[in-house]
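What follows is a short report on a single structure.
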Amino acid sequence: MSDYEFLTPENIPGYLKAHPQTHSIVDHSNLVEIQEVGDGNLNLVFIIKDNAGDGIVLKQALPYVRLVGPSWPMSPDRARIEYETTTAHAQAAADLVPLIYFYDNARYIIAMEDLSDHRVWRGALNDGQFHHGSAAAVGEYMAKVLFKTSIFGLGQAAHKFEVARAINPEMSLITEDLVFTEPWYPGDRNSYLPENEPDAIAITKDEFMKLEIGKLKYEFMTNAEALIHGDLHSGSVMVKADESGKSISTKAFDSEFSFYGPVAFDIGAVIANYYIAMARSVALNRNEHLEYLTDLPTQTWNSFESNFRALWPTRKDSRIFSDELLDVIIMKWKVDSLGFACAKMCRRIVGLAKTTDIETLAPNYRIGAARGVLQSAQMIIRERLKNTDISHVTEQVLLILAKTKTV
Ligand code: SR1
Ligand code: MG
């Protein structure tokens with residue numbers, strides 16, 4: 001499995017030459033730039049440009065976790081999963097995912113659209129940038145791809161077949177361990193500043209939260225609703241805005257954790273990362289940016305809900321699957337989304353694979369931001385059972401972040 005050649009700046013021109021599908025995209029004999037830009041935890045990502053300014057991206061899965069090294073082997077077959085999911089998602093929302101040119105199953109390479117005129121959303125948020133409309137676009141992406149791949153979009157037989165085809169046990173286990181277990185059962189992979197130890201211990205002693213996280217883990221492991229992205233944080237979204245900050249393109253990428261799982265898991269991941277971004281802007285006193293961020297959870301939810309409702313009349317079978325049932329399902333997704341957000345918030349603060357939003361803050365700022373995210377998760381896990389209004393929950397998060405601020 002690991003016996004394949006890794007991409008390097010030296011062998012990429014030859015690789016492109018040997019793949020005629022790339023010849024109309026980029027001129028392999030006149031390359032001016034080959035840059036490795038992978039900032040995720042797992043893969044190599046190269047942006048390649050020719051002298052006419054045309055570009056292509058080659059993404060290759062390594063046989064181990066890049067973040068940790070060869071001591072943590074991982075099947076590169078995750079590249080196939082990302083390719084197949086991006087292709088399936090493109091059928092529902094072509095404008096909201098990158099264009100894939102081809103997949104090389106011998107070397108686990110995806111050749112895709114060069115999006116170097118976009119930014120990874122996490123980096124843009126960290127820099128205090130505005131992309132007005134991207135939150136709604138992410139909601140639209142989720143509604144369209146999750147409807148299309150659900151029982152409502154596929155119908156009975158195709159859904160059953162797809163659940164089996166898209167099985168992804170190795171990557172799912174990572175999420176089950178890192179997101180739903182280790183923050184509450186610490187082992188060697190957790191870490192935080194010494195000043196945050198009481199905050200980390202507090203969640204392990206929060207028996208109510210542990211029970212709710214247990215229910216959510218069970219949901220994650222058993223509820224094969226739709227072909228979810230599986231890791232939809234702000235580092236899995238590329239954004240592009242015009243000079244006024246109006247978003248003109250939003251693309252969800254990096255769906256290697258994808259499988260048939262709960263719809264609310266993706267929504268929760270998005271919301272969690274908005275709250276983490278808010279923690280950064282609170283720490284840095286960026287009030288205008290904070291105002292922008294505070295509206296994002298509601299924008300994404302509202303867009304998800306309205307787009308999903310718009311697709312509902314097209315469901316394959318309307319017997320029993322009534323409009324009343326849709327209301328029930330949507331309400332469950334809202335409660336569960338907030339629950340999944342809590343799990344995601346805790347894992348990014350105490351578990352392996354953190355976020356630059358928090359980690360690039362100076363330690364004296366980071367203490368309060370990390371504490372605020374953990375305390376917010378403890379609040380949300382309870383509040384969502386009393387009041388599911390996303391704006392209300394976000395206001396409560398803001399109050400906690402202001403209170404825990406350390407500088
Ligand atoms: C070992 S992989 C660690 C994390 O990186 C990805 O972004 C996922 O979030 C995963 O949990
Ligand atoms: Mg990723």
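Once Rh is set to the Kirkwood radius over Cα pairs, what Stokes-Einstein translational diffusion coefficient, in µm²/s, holds for the range 195-240 at a temperature of 20 °C and a viscosity of 1.002 mPa s? Present the calculation step by step, with values, prior to reporting the outcome.
Details: Rh = 13.6 Å.
So the translational diffusion coefficient is about 158 µm²/s.
Kirkwood hydrodynamic radius of the chain, from the reciprocal of the average inverse Cα-Cα distance over all distinct pairs: 21.8 Å. Write down the accessible area per residue of the chain in Å², having rolled a 1.4 Å probe over the full set of protein chains. Computed with neighbouring chains in place, this is 41 Å² per residue. Computed over the range 242-353, the range of Cα coordinates on each principal axis works out to 53, 37, 26 Å, biggest value leading.
Using the Cα centre of the range 130-200 as the reference point, and only Cβ charges (+1 on K/R, -1 on D/E), how large is the resulting charge dipole? Debye, rounded to the nearest 20.
720 debye
Simple point charges give the picture: +1 on the Cβ of Lys and Arg, -1 on the Cβ of Asp and Glu, and for the range 56-111 a dipole about the Cα centre of about 200 debye. Counting only DSSP H runs of at least 4 residues, each contributing -39500 (n - 2.57), and dividing by the residue count of the chain, the helix-based mean residue ellipticity at 222 nm comes to -16000 deg cm²/dmol. Rounded to whole numbers, the Karplus 3J(HN,Hα) couplings from phi for the range 310-324 are 5, 7, 3, x, 8, 4, 5, 9, 9, 5, 6, 6, 8, 4, 5 Hz, using 6.51 cos²θ - 1.76 cosθ + 1.60 with θ = phi - 60°, and x at Gly and Pro. Largest accessible area first, the residues 36, 195 order themselves as 195, 36 under a 1.4 Å probe with ligands, DNA and RNA left out.
Plainly put, the range 166-283 has a radius of gyration that is 1.02 times its Kirkwood radius, both from alpha-carbon atoms, as the Rg/Rh ratio. Which residue, 264, 370, 396, has the largest displacement toward the positive end of the dipole of the range 262-407 when charges sit on each Cβ (Lys, Arg +1; Asp, Glu -1)? Positive-most Cα among the choices belongs to 370.
Assuming charge only on the beta carbon of Lys and Arg (+1) and of Asp and Glu (-1), the dipole of the chain about its Cα centre is about 860 debye to the nearest 20.
Given just the C-alpha atoms of the range 12-112, how large is their convex hull per residue in cubic angstrom?
Here the figure is 107 Å³ per residue.
Our coupling estimate for the range 244-261, obtained by passing each phi through the Karplus curve with A = 6.51, B = -1.76, C = 1.60 and θ = phi - 60°, is 7, x, 6, 5, 10, 7, 9, 9, 8, 9, 6, 8, 6, 8, 5, 5, 7, x Hz, Gly and Pro reported as x. Please find, in a Gaussian network model of the chain (springs between Cα atoms separated by less than 10 Å), the residue of 298, 314, 87 whose mean-square fluctuation is greatest. In the Gaussian network model the winner is 314. Evaluating kT/(6 pi eta Rh) at 37 °C and 0.692 mPa s, with the Kirkwood radius of the range 91-131 over Cα pairs in the Stokes-Einstein relation, gives 262 µm² s⁻¹.
In the chain, what percent of the accessible surface is made up of carbon and sulfur (1.4 Å probe, ligands and nucleic acids excluded)?
Numbers: 8980 of 16540 Å².
That fraction is 54 percent.
The values are calculated or read from the model by the stated rules, or taken from the named source; none is laboratory data. Predicted, not measured: the structure shown is a model, and the values here were computed from it. Counting neighbours? That spans all protein chains shown, and the Cβs are built from the backbone with ideal geometry, glycine included. These accessible areas exclude ligands, DNA and RNA; they are computed on the full protein's heavy atoms, side chains included. Shrake-Rupley method; radii C 1.70, N 1.55, O 1.52, S 1.80 Å.
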